[in-house]
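The values are calculated or read from the model by the stated rules, or taken from the named source; none is laboratory data. No experiment lies behind these values; they were computed from the predicted model shown. Cβ sites come from the backbone with ideal geometry, for glycine too, and all protein chains shown count toward neighbours.
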Amino acid sequence: LTLESQLRRALERQEYVLHYQPKIHLATGQLTGVEALIRWQNPRTGLVPPGDFIPVLEETGLICEVGRWALQQAIADHLRWRTMGLTAVRIAVNVSALQLRDRGFIAQVQAAVGVDALASSGLEIEITESLAMDNVAASIGSLLALRAMGITVAIDDFGTGFSSLSYLAKLPVDTLKIDRAFVIDMTSGAQGLALVSTIIELAHSLKLKVVAEGVETAQQQSLLRAMGCDEMQGYLFSRPVPRELLESQFLAPA
Ligand code: G
Ligand code: G
Ligand code: MN
Ligand code: NA
């Protein structure tokens, strides 16, 4: 069986799962949201990390169907948390270039959030910087449609895509996520620190929230806090965890 047909069958057999990684408000330490990250629970070999199959989903176009599943699952989990009276958090879902360009995408999102206004106001879509800049005119239409539904938009892996600043200012987005490569370099010299500081100032001057990815050390955390970064995400606080663990460890009854 080819990997492609295994991945197709995995969707039918409901073998994909979402893990969730907390996002923390740096000033208060409070949990503000979670990022949904897909995994494949292969019944023969165990949990498959996304690096081993997301590229194949992308190449084959299967990412559109699997991505739709991820969006629906994340919204269902969000509703579950609200129904259970758990801590209110935002939920972020990654959307790939193929999905965003898919003509049915906005209708899919509309159908997934349904008439549940709280679902859309609790939802963030993460798109990679290269995707957003790739075809700015085409992205703007989709991003505006998402925001009209009350959904916020984050630019993921920011700093790796050489964005033109004039495009960035025009994009209807709410959040910049600093790529973890910059967080790593932050402690390896003055230049690395200056870069992160500059990204934070840029984000704030554009009235965007800024989130640091891949925070692994207390030193990185305190530097980011001192520089006014809004939120962080990374192994220092938590790895991505299964839903049950997120609920028991991080989402206390409100
Ligand atoms: O934990 P991590 O190894 O989860 O994720 C690896 C990569 O897979 C990340 O770049 C992430 O953006 C991507 N990814 C994880 N879940 C999804 C998803 O639901 N959709 C898309 N398009 N990409 C995802
Ligand atoms: O969507 P995105 O490309 O940002 O996906 C986030 C990726 O980063 C996932 O693969 C996730 O597991 C990974 N990740 C999250 N926090 C950390 C961290 O602190 N260190 C490292 N090395 N990877 C992280
Ligand atoms: Mn992401
Ligand atoms: Na990222």
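In this structure, is Gly161 more than 15 Å from the chain's Cα centre (by Cα), closer than 25 Å to Pro240 by Cα, touching a residue at least 12 places away in the same chain (Cβ under 8 Å) and within 16 Å of ligand 2 (Cβ to nearest atom)? The answer is yes for Gly161. Scanning the range 18-69 for residues that are of a type in the set (Gly, Ala, Ser) and surrounded by fewer than 21 Cβ atoms within 10 Å (Cβ to Cβ), which turns out nearest to the chain's Cα centre (by Cα)? Step by step, filter the range 18-69, then rank; the result is Gly51.
Thr87 meets the conditions (1) over 27 Å from Ile54 (Cα atoms); (2) at pLDDT 90 or above; (3) of a type in the set (S, T, N, Q) in every case but one. The failed one is (2).
Against the condition touching a Leu at 6+ places or on another chain (Cβ under 9 Å), of a type in the set (A, V, I, L, M) and over 19 Å from Leu26 (Cα atoms), how does Leu144 come out, does it pass? The answer is no for Leu144.
Inclusion of Ala88 among residues that are within 26 Å of Ala148 (Cβ to Cβ), in contact (Cβ under 8 Å) with a residue 60 or more places away in the chain and buried (at least 21 other Cβ atoms within 10 Å of the Cβ) is not warranted. Counting only strands (runs of 3 or more DSSP E) wholly contained in the range 1-81, the ones carrying 3 or more residues that are within 19 Å of Ser238 (Cα to Cα) and in contact (Cβ under 8 Å) with a residue 40 or more places away in the chain occupy 16-25, 31-42.
Only a single item in (1) within 19 Å of Lys209 (Cβ to Cβ); (2) among the aliphatic types (A, V, I, L, M); (3) surrounded by 16 or more Cβ atoms within 10 Å (Cβ to Cβ) is not met by Ala145, and it is number (1). On inspection, Gly61 does not qualify as within 16 Å of ligand 3 (Cβ to nearest atom), modelled with pLDDT under 95 and farther than 28 Å from Leu79 by Cβ.
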